[in-house]
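Enquirer: Encoded as structure tokens, here's the structure I'll be asking about.
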Amino acid sequence: MRKQIGSGGFTTMLLLVAALSLGSCDKPTPEDEEYLYDFHNQYTPTCSHQLLPDSMTLYVDYTSTLVMKAQMRFYWHVMKNIMANKTKRYYAIKGQEIIRMAGDVVELLRDVSNYENPDLKGALDRIVSDNVEAMLVTDCEQLDQKEPFLKEAFKKWLMKGHDIYIISDPFVDPKTQAHRFMFYILFYDADNPNNIADYVIRSARLNQYPKVKRMKLSITPKVKGFHGGHSDPNSYVQAIVTRKGNMEVQEWSTSWEDKIERFILNAKDNRGEEMTNGAVLLEGLQLDKTSITGVTITGITSKVFNINSHYTDYYTQRRSEQEVDSVIDWEECENFITLNQDLFKRNSNIQIFFDKPNWNPEFLTGKPYNYFKIAFFVTEMEEQLEKFRNQLVFDDIINKGQQNESVFQSVKQTIEDPKIIQFLADTPFYAIYVKSLQR
């Protein structure tokens, strides 16, 4: 049965909606940008899983390979001491059992014996579910030489915004003459100071071990700023810029109509004629196109989001010590800025203009300030993983004459996974939060 609304009730409802809308529009935006960094961390997927510092867990695959450790110069002179210095918890993978062991790490490593069919997947599940750095020491021998058994763990770890470092230490099995590797797989976060990968790189002196190969897995592209590490906004906005990790905050202190629109959007050239795209709004950033191992980033895009109401709510909740919203619905603002695609393709530099032909500033309704976010996303990549094949593929000891591709396939299928590709498309690799005056 359809319920009819009388004219009086309908009028009352309209007045109520109008009042609510007016109240929402007139709600003043925050006076300062104090919580913008926390706001970014709260609502960016790659920032929500911080690792505990200085808390590495070591997982050791008790196999015949590690029994032969004395033949491995890199292990004996470098990695053994690193593991002893950094390990907080030690787990022995003895076949299908994963056992926590106490004692001196060097002594524990001395007593490694051979167990068949190690539960490497179980160890990987523990690593991914834990909240600390980890190192897995293994020869990666599995019954199926093509099974990508590392893939799911790699994918889950990377989608938390963390990183993986794979060190391949080659050796020849004296019994079978098979060419194999001891792998040191580091699970860490490159943004954490004094992380295990940085410690290994500093301590290992890898140039003394040219046969030892390494690769980094990440889905967080790296951005370099030429001046102070951050971008260079047009001088007419008179911005104060602060960068933290993969984001920066800009506080613009000039008016929209008298300065920004007049001298940037409607800028004139030396002949006094209006420039087609206006003056450059922002430049000074460069993307490392190969910072995602095994691929080259060939396309990116930029988007703008209105955060006036979201940041106001977050700011109010934080100030009053209330629980903040768990998720927000991002409001994209089209036809506001445009990215110089030609420049990016030439030299990886990021440069943006106002979208002069289609410029739509209607979302700038904040009072006394406007807050918006400029975000950059990956749109296209080309895979180039084959050059890493020789440090990931090794002779299979079960099926003589065949190659074990389990590690290579794990990396390849991780990079090609649709969820990883979608994650890159949906998650900004760099974000700029702008506070400007009202318009």
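The values are calculated or read from the model by the stated rules, or taken from the named source; none is laboratory data. Keep in mind that what you see is a predicted model, and the values were worked out from it rather than measured. All Cβ positions, glycine included, derive from the backbone under ideal geometry; neighbour counts span all protein chains shown.
Enquirer: Which residues, taken from the stretch 422-439, are aliphatic (A, V, I, L, M) and in a helix (DSSP H, G or I)? Spell out the reasoning first.
Expert: Just the residues of the stretch 422-439 that are aliphatic (A, V, I, L, M), to begin with: 424-425, 431-432, 434, 437.
Listed by number, the residues that qualify are LEU424, ALA425.
Enquirer: Out of all the residues in the stretch 234-262, which are among the charged types (D, E, K, R), more than 30 Å from ILE219 (Cβ to Cβ) and out of contact with any helix residue (DSSP H, G or I) (no Cβ under 6 Å at 6 or more places or on another chain)?
Expert: GLU251, GLU257, ASP258, GLU261, ARG262
Enquirer: I would also like to ask the following. Do you know which of the residues in the stretch 181-229 that are surrounded by fewer than 17 Cβ atoms within 10 Å (Cβ to Cβ) and of a type in the set (D, E, K, R) is nearest to LEU51 (Cα to Cα)?
Expert: ASP198
Enquirer: Hey, among the residues in the stretch 267-285 that are polar (S, T, N, Q) and within 13 Å of ASP355 (Cβ to Cβ), which one's surrounded by the fewest Cβ atoms within 10 Å (Cβ to Cβ)?
Expert: First, pick out the residues of the stretch 267-285 that are polar (S, T, N, Q): 270, 276-277.
Restricting the remaining residues to those that are within 13 Å of ASP355 (Cβ to Cβ) gives 276-277.
Values: THR276: 9, ASN277: 16.
Only one residue tops the list, namely THR276.
Enquirer: When ASP232 is evaluated against the numbered criteria (1) without any contact (Cβ under 8 Å) to a residue 60 or more places away in the chain; (2) more than 25 Å from TYR35 (Cα to Cα); (3) buried (at least 17 other Cβ atoms within 10 Å of the Cβ), which criterion, by number, is the only one it fails?
Expert: The failed condition is (2).
Enquirer: Sticking with this one: Only residues that are touching a helix residue (DSSP H, G or I) at 6+ places or on another chain (Cβ under 9 Å), at pLDDT 95 or above and in a loop (DSSP other than H, G, I, E, B): list them for the stretch 367-388, please.
Expert: Listed by number, the list holds a single entry, LYS367.
For every residue, the table says whether it meets (1) at pLDDT 95 or above; (2) in contact with a Pro (Cβ under 8 Å, 6 or more places away or on another chain); (3) within 30 Å of GLN422 (Cβ to Cβ).
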{"site": "VAL241", "(1), (2), (3)": "yes, yes, no"}
{"site": "ILE260", "(1), (2), (3)": "yes, no, no"}
{"site": "LEU282", "(1), (2), (3)": "yes, yes, yes"}
{"site": "ARG318", "(1), (2), (3)": "yes, no, no"}
{"site": "LYS345", "(1), (2), (3)": "yes, no, yes"}
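Enquirer: Among the residues of the stretch 409-437, which ones are small (Gly, Ala, Ser), under 27 Å from the mean Cα position of the chain (by Cα) and at pLDDT 95 or above?
Expert: The initial filter retains those residues of the stretch 409-437 that are small (Gly, Ala, Ser), namely 410, 425, 431, 436.
Imposing the further condition that a residue be under 27 Å from the mean Cα position of the chain (by Cα) reduces the set to 410, 425, 431.
Result: SER410, ALA431.
Enquirer: Would it be correct to say that ASP198 is without any contact (Cβ under 8 Å) to a residue 12 or more places away in the chain, closer than 30 Å to ALA153 by Cβ and among the acidic types (Asp, Glu)? Don't jump to the end; show me each part of the working.
Expert: Numbers: without any contact (Cβ under 8 Å) to a residue 12 or more places away in the chain: yes; closer than 30 Å to ALA153 by Cβ: yes; among the acidic types (Asp, Glu): yes.
When the stated conditions are applied, ASP198 passes them.
Enquirer: Out of the stretch 160-205, which residues are aromatic (Phe, Trp, Tyr), within 27 Å of GLN403 (Cβ to Cβ) and within 18 Å of the chain's Cα centre (by Cα)?
Expert: We begin by selecting, within the stretch 160-205, every residue aromatic (Phe, Trp, Tyr); these are 165, 171, 181, 183-184, 187-188, 199.
Within this subset, residues satisfying the condition of being within 27 Å of GLN403 (Cβ to Cβ) are 165, 171, 181, 183-184, 187.
Within the stretch 160-205, TYR165, PHE187 qualify.
Enquirer: Show the residue pairs meeting these rules: Cβ distance below 7 Å; 6+ apart or different chains; first residue within the stretch 130-141 and among the small types (Gly, Ala, Ser); second residue in a strand (DSSP E or B) and surrounded by fewer than 22 Cβ atoms within 10 Å (Cβ to Cβ).
Expert: Every condition considered, the pairs that remain are ALA134/THR57.
Enquirer: Let me ask you something else. Could you please tell me which pairs satisfy a Cβ distance under 8 Å, a separation of 6+ or placement on different chains, a first residue in the stretch 247-265 that is among the hydroxyl-bearing types (Ser, Thr, Tyr), and a second residue that is not in a helix (DSSP H, G or I)?
Expert: SER253/GLN238; SER253/ALA239; SER253/ILE240; SER253/LEU437; THR254/GLN238; THR254/LEU437; SER255/LEU437
Enquirer: Identify, please: which residue in the stretch 389-408 is surrounded by fewer than 18 Cβ atoms within 10 Å (Cβ to Cβ) and part of a helix (DSSP H, G or I) and is, among those, nearest to the chain's Cα centre (by Cα)? Outline the logic, then answer.
Expert: First pass over the stretch 389-408, keeping only residues surrounded by fewer than 18 Cβ atoms within 10 Å (Cβ to Cβ): 389-390, 398-403.
Pick out the ones that are also part of a helix (DSSP H, G or I) and you get 389-390.
Values: ARG389: 24, ASN390: 27 Å.
Residue satisfying both the conditions and the ranking: ARG389.
Enquirer: From the residues in the stretch 14-71 that are touching a helix residue (DSSP H, G or I) at 6+ places or on another chain (Cβ under 6 Å) and at pLDDT below 85, which one is nearest to LYS244 (Cα to Cα)?
Expert: Result: CYS47.
Enquirer: Right, next: May I ask you to say which residue of LEU339, LEU364 is under 24 Å from the mean Cα position of the chain (by Cα) and at pLDDT 95 or above? First the steps, then the outcome.
Expert: On the way: LEU364 fails: under 24 Å from the mean Cα position of the chain (by Cα).
Exactly one of LEU339, LEU364 is under 24 Å from the mean Cα position of the chain (by Cα) and at pLDDT 95 or above, namely LEU339.
Enquirer: Search the stretch 108-157 for residues being part of a strand (DSSP E or B) and touching a Ser or Thr at 6+ places or on another chain (Cβ under 9 Å), and hand back the single one that is nearest to GLN402 (Cα to Cα).
Expert: The initial filter retains those residues of the stretch 108-157 that are part of a strand (DSSP E or B), namely 132-138.
Next, only the ones that are touching a Ser or Thr at 6+ places or on another chain (Cβ under 9 Å) stay: 132-135, 138.
Working: VAL132: 36, GLU133: 34, ALA134: 31, MET135: 28, THR138: 20 Å.
Per the stated criteria, the residue is THR138.
Enquirer: Another question about this same structure. Looking at the stretch 134-144, can you tell me whether even one residue there is hydrophobic (A, V, I, L, M, F, W, C), farther than 27 Å from LEU424 by Cβ and buried (at least 23 other Cβ atoms within 10 Å of the Cβ)? Step through it out loud before you land on a result.
Expert: The initial filter retains those residues of the stretch 134-144 that are hydrophobic (A, V, I, L, M, F, W, C), namely 134-137, 140, 143.
Narrowing further to those that are farther than 27 Å from LEU424 by Cβ: 137, 143.
Checking which are buried (at least 23 other Cβ atoms within 10 Å of the Cβ) leaves us with 137.
Yes, some residue in the stretch 134-144 is hydrophobic (A, V, I, L, M, F, W, C), farther than 27 Å from LEU424 by Cβ and buried (at least 23 other Cβ atoms within 10 Å of the Cβ).
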